[in-house]
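Student: One structure coming up, written as C-alpha cells, with questions to follow.
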Amino acid sequence: MEGPQIHICLFLFLFFAPTIPTLTANIAHIDEYWQKRLEEADKYAANSYEPNPENVTSHLNEQVHKVLKESKGNSSRRHLGNKHWDGPCMVTNPIDRCWRCQPNWAENRKRLADCVLGFGRKTTGGKDGPFYVVTDSSDDDMVNPKPGTLRHAVIQKGPLWIIFKSNMFIRLNQELIVQSDKTIDGRGANVHIAYGAGIMMQGVKNVIIHGLHVHDIVSGSGGMIRDAVDHYGFRTQSDGDGISIFTSSDIWLDHISMWKCTDGLIDAVEGSTGITISNCHFTDHNDVMLFGASDSSSIDQRMQITVAFNHFGKRLIQRMPRCRWGLIHVVNNDYTHWLMYAIGGSMHPTIISQGNRFIAPADQFKKEVTKREYNPESVWKHWTWRSEEDVMMNGAFFVQSGDPDGPKKYAAKYPDLMIPAAPGTEVTWITRFAGALGCKEGQAC
C-alpha cells in the first residue's frame, strides 16, 4: 500500500499547491534554508527603512533641478521633440547624468552603481564582485543550470556583475530566482526576457536590474528549481509577473522596457522596501505595478518606493502604481495613457506626486488620476495623497486628501531638505530616453 499512498499524497499536493497562501510566494515548503533566508531579509529590510523619508525625496528633487539648470539654453534640447534622437548624447535627468554620456562606460560599467537616487539609494548590486558573462541563452535545467546561462549566474553566492556576450532572447522555463548582491546589466546587448517565466527576488537584498526588455511573461508551472548554489526546492506555479520583489530590500530597476505580462509588470510585496524604479518604459498592459499585495499585510507599512523618470505609455489600463500601506514618491513621470486610472490604493498609503504629467483619456468618465478602493470618503479623506506641480492635460484631475498643509509643514521642519520637484512641464525632457537603451561599446549611450 505504500506506493499508492505516496501517489495519492503527491496528487493531493499538486492539486492543492496553488492554494498555498501568498506569504510563501510560490515556495511549496518553508525549510530551514528558506526560514533563515527570510529572517535575514527581514533584518535587511529594517536596516533599509529610512526614518526621515523627506531626506531622500528632497535629495532626488535637488539633483533634478541641477540637471535642468545645466540644460537651460542648450540648443540640442530644443530639437528633442522628435521621436528618434540621432544627435549627440543628451543627459535629461540626474541618474543618467552620472554615467550615460561617457563613451568609456563599458570599461567602467560599475560606475552605474554610484548613480541610484531615491529610496533605493543604498543599492550597489554586484559592484564589489567579479564580472560574469552570460554566453548561453538556454534555460533547460532548473536544478543544475548550465554554466554560462543567466540562471547559473544569478544563483551564485556573493556579489556578481552579470553582463551578456551578445544579443539574446531568453525564455525562462521557470521563474528566475535571483540571489543577493547581483547586477544584471544588459548594456551593450539587446537582451529580452520573453515568452516564459519572469524574474523573482525573494528574501534578498541589493540587486540592480538594468537595460533589459521584459515582455510576454507567462506563469511558470512550478517544480524543482534551484535558488542557490547549495539549495533547491519545490516551487508552486508562479504568477506571471514580469519582475517580482518579495520581502526584499535595496532594489533598483532602471532603463527597463516592459509590456504584456500575464499578471503584473512589477510587484513589490510582503515588507519589501528601499526600492527605486527609474527610467523605465511601460506599454500594453492592464495591472502595471502592485505595491503591497494584501490589506492584511501590515508589514508593508515599512515599504518605501521611488517611481521616477518613467514613461507610462500606450495601451496601459491601471495600477501605475496601485499601493497599500507604505510611502510612495511618484516624481517626474510621464503618464500619457491610461484607460481606467493612473494611481490607486487602499489601506492608507502615503502618496506624494510631484512634477508628473498626466494626460487623461478621451472617456469623460476616466479623467480622474486617482482611485481609492474599498473605503468611503469619510475614511480616505485622512490619507495623505498630495499633488505638487503636476501638469493635468485633457481634463485630468488628481483628487487630493489628507492635510493640505502637509508639504508646507515638512518644508518648515526641514528647510534645507524639502526642495521642490521639477515641474511637470519638464517631464517630456526628463523622460525622453526612458526604456532600454541601445548602448554600443566605445560610444556614449
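Student: For the range 120-155, give me the residue count where each residue is of a type in the set (Ser, Thr, Tyr) and closer than 30 Å to Gln304 by Cα.
Tutor: Number of matching residues: 2.
Student: Something else now. What single numbered condition from (1) at pLDDT 95 or above; (2) hydrophobic (A, V, I, L, M, F, W, C); (3) open to solvent by 10 Å² or more (accessible area, probe 1.4 Å) fails to hold for Ala293?
Tutor: The one condition Ala293 does not meet is (1).
Student: State whether one or more residues within the range 390-398 are crowded, with 17+ Cβ neighbours inside 10 Å, among the small types (Gly, Ala, Ser), at pLDDT 90 or above and in a loop (DSSP other than H, G, I, E, B).
Tutor: For the range 390-398, residues crowded, with 17+ Cβ neighbours inside 10 Å, among the small types (Gly, Ala, Ser), at pLDDT 90 or above and in a loop (DSSP other than H, G, I, E, B): present.
Student: So, one more: Given the residues Gly274, Gly264, Gly233, which is the only one that is buried (at least 24 other Cβ atoms within 10 Å of the Cβ) and assigned to a strand (DSSP E or B)?
Tutor: Gly274
Student: Sticking with this structure for a sec: Would you check if there is a residue in the range 244-261 being open to solvent by 10 Å² or more (accessible area, probe 1.4 Å), in a loop (DSSP other than H, G, I, E, B) and in contact with a strand residue (DSSP E or B) (Cβ under 6 Å, 6 or more places away or on another chain)?
Tutor: no
Student: Could I ask something else about it? Only residues in the range 336-355 that are closer than 13 Å to Ser387 by Cα count as the first member; pair them with residues that are polar (S, T, N, Q) and assigned to a loop (DSSP other than H, G, I, E, B), Cβ under 7 angstrom, at least 6 apart or cross-chain, and list the lot.
Tutor: Close Cβ pairs satisfying both conditions: Thr350/Thr384; Gly355/Asn332.
Student: Then there is this: Can Phe282 be described as at pLDDT 95 or above, of a type in the set (A, V, I, L, M, F, W, C) and over 20 Å from Ala434 (Cα atoms)?
Tutor: no
Student: Is there any pair with a first residue in the range 217-229 that is crowded, with 16+ Cβ neighbours inside 10 Å and a second that is assigned to a strand (DSSP E or B) and at pLDDT below 95 whose Cβ atoms are under 6 Å apart and which are 6 or more apart or on different chains, and what are they?
Tutor: Short answer, once both residue conditions are applied: Gly222/Arg235; Ile225/Arg235; Arg226/Tyr232.
Student: Being open to solvent by less than 10 Å² (accessible area, probe 1.4 Å) and of a type outside the set (S, T, N, Q) is the filter here, so list the residues in the range 335-351 that pass it.
Tutor: Result: Tyr335, Trp338, Tyr341, Ala342, Ile343, Gly344, Gly345, Pro349, Ile351.
Student: Being surrounded by 20 or more Cβ atoms within 10 Å (Cβ to Cβ) and assigned to a strand (DSSP E or B): is that true of Asp300 here?
Tutor: For Asp300, the condition - surrounded by 20 or more Cβ atoms within 10 Å (Cβ to Cβ) and assigned to a strand (DSSP E or B) - is not met.
The values are calculated or read from the model by the stated rules, or taken from the named source; none is laboratory data. None of these values were measured; they are calculated from a predicted model. We place every Cβ from the backbone using ideal geometry, glycine too, and count neighbours over all the protein chains shown. Only protein heavy atoms, including side chains, enter the accessible area calculation; ligands, DNA and RNA are left aside. Shrake-Rupley method; radii C 1.70, N 1.55, O 1.52, S 1.80 Å.
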